[in-house]
Amino acid sequence: MITEQQIVDDLDSIMVPGVMRSLKKMNLLRDIKISDGKVELNLANAALTPILQETLKNQIVETIKKSRGIQDIDVSFLDAKPKDINEIKKVIAIMSGKGGVGKSLVSSLVSVALRRQGYEIGILDADITGPSIPRMFGITERPSGSESGLLPVTSKTGIEIMSINLLLPAEDDAVIWRGPLIGGAIKQFWEDVLWGKLDFMIVDLPPGTADAPLTVMQSLPITGVIVVFSPQELTAMVVRKAVKMAKQMNIRILGVIENLSYLYVQEINKKIEIFGKSRGQEMANTANAPLIGQLPLDPELAKLCDAGNIERYDIEKHEGFVRNLNEILLDSQK
């Protein structure tokens, strides 16, 4: 006799068009009933157009008939909102307090490092007025969806991404909005996008300590933040404001990453501290959090980002970065 687990296994082979993640990973299955050789399936219709629902229904029926020999199959779709479907284990915000220090870059590299280890990852680009995540991943297609919600766009390696740039007519169009509209967009990206089941949601925060980062910290179930900065004293001073903001809001600071820490010149085998002496450990002490790593100025990385191929970057070559990141995020389970 066919079992519910066998049905679930079958559904894991059916990909949701546009997202290319399975029905199981998108958490759309609501209920299974098996009686007298008949299979009844109830799925959520969140963010699915009627055409997409019909496509999935046909695929489900065909798959179960082919693999299990069951002829009597009934597939129904129930009204649901993405926020009722999504199951996200950890929400990690990447913050700096200051623009231009590589916060979006670090958000992307953290996501790539975690994805390579098999984790299910999503990136919520909360930098509404300065979004750059889609360009680094080479994503230009617009999200699809229905009246009930949006489907994220998936990167080459399977990272789900939602950014305001994916909704604009052109990527260089300016978003000239006041704070409440920006905060509303961030909330919509959290509640109205069908993320499905994720191990980590990486939130790329905008710089500063005003409306947008405040909205994220108050509206999303933040597990903790990773602080990004560069070695200049001016930058460190501004980033310390963001550190104090997180502490005042009782948000856990998971770790610190120093970006643009040095330039390695291979010909002379020397590290040149272009922006001054490293302040990595100093900032880690200020934040009372571990130093995850110090990332260099890397021409190779810059080229990959401009070409939309950040997923090809060898982040593992930076000694200890991935190891420290894993230790910190595993510790965040406590």
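The values are calculated or read from the model by the stated rules, or taken from the named source; none is laboratory data. Since the structure is predicted, the reported quantities are computational estimates derived from the model, not experimental observations. Note that we place each Cβ from the backbone using ideal geometry, even for glycine, and neighbour counts take in every protein chain shown.
What residue, of V225, V216, is in contact (Cβ under 8 Å) with a residue 60 or more places away in the chain, in contact with a Leu (Cβ under 8 Å, 6 or more places away or on another chain) and in a helix (DSSP H, G or I)?
Checking each option against the conditions leaves just V216.
Would you please list the contacts, defined by Cβ atoms under 8 Å and residues six or more apart or on different chains, that run from a residue in region 268-288 that is among the small types (G, A, S) to a residue that is exposed (fewer than 14 other Cβ atoms within 10 Å of the Cβ) and part of a helix (DSSP H, G or I)?
G276/E233
Name every residue in region 155-212 that is in contact with a Gly (Cβ under 9 Å, 6 or more places away or on another chain) and of a type in the set (G, A, S), in order of residue number.
Matches in region 155-212: S155, G196, G208, A210, A212.
In this structure, is I161 in a strand (DSSP E or B), of a type outside the set (S, T, Y) and surrounded by 23 or more Cβ atoms within 10 Å (Cβ to Cβ)?
yes
With the requirement that a residue be on the phi > 0 side of the Ramachandran plot and surrounded by 17 or more Cβ atoms within 10 Å (Cβ to Cβ), what does region 28-61 give you?
Selection gives A47 alone.
Select from region 17-42 the residues that are touching a Lys or Arg at 6+ places or on another chain (Cβ under 6 Å) and assigned to a strand (DSSP E or B) and list them in ascending order.
Correct list: E40, N42.
Among the residues of region 294-311, is there at least one that is small (G, A, S) and exposed (fewer than 15 other Cβ atoms within 10 Å of the Cβ)?
Yes, region 294-311 contains at least one residue that is small (G, A, S) and exposed (fewer than 15 other Cβ atoms within 10 Å of the Cβ).
For region 85-101, does any single residue satisfy the condition of being of a type in the set (S, T, N, Q), farther than 30 Å from L234 by Cβ and surrounded by fewer than 23 Cβ atoms within 10 Å (Cβ to Cβ)?
yes
Quick one: in region 78-103, of everything that is basic (K, R) and assigned to a strand (DSSP E or B), which residue is farthest from G280 (Cα to Cα)?
K89
Quick one: in region 102-128, of everything that is under 22 Å from I186 (Cβ atoms) and of a type in the set (S, T, N, Q), which residue is surrounded by the fewest Cβ atoms within 10 Å (Cβ to Cβ)?
Residue satisfying both the conditions and the ranking: S104.
Just one of P143, P207, P131 is within 19 Å of C305 (Cα to Cα), within 18 Å of the chain's Cα centre (by Cα), crowded, with 19+ Cβ neighbours inside 10 Å and assigned by TED's automatic domain parsing to the domain that holds R252; which is it?
Checking each option against the conditions leaves just P131.
Residue-by-condition table, conditions (1) assigned by TED's automatic domain parsing to the domain that holds N326; (2) closer than 20 Å to L151 by Cα; (3) among the small types (G, A, S); (4) at pLDDT below 95:
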| site | (1), (2), (3), (4) |
| --- | --- |
| L28 | no, yes, no, no |
| I34 | no, no, no, yes |
| N42 | no, yes, no, no |
| L56 | no, yes, no, no |
| D72 | no, no, no, yes |
| I88 | yes, yes, no, no |
| G102 | yes, no, yes, yes |
| L109 | yes, no, no, no |
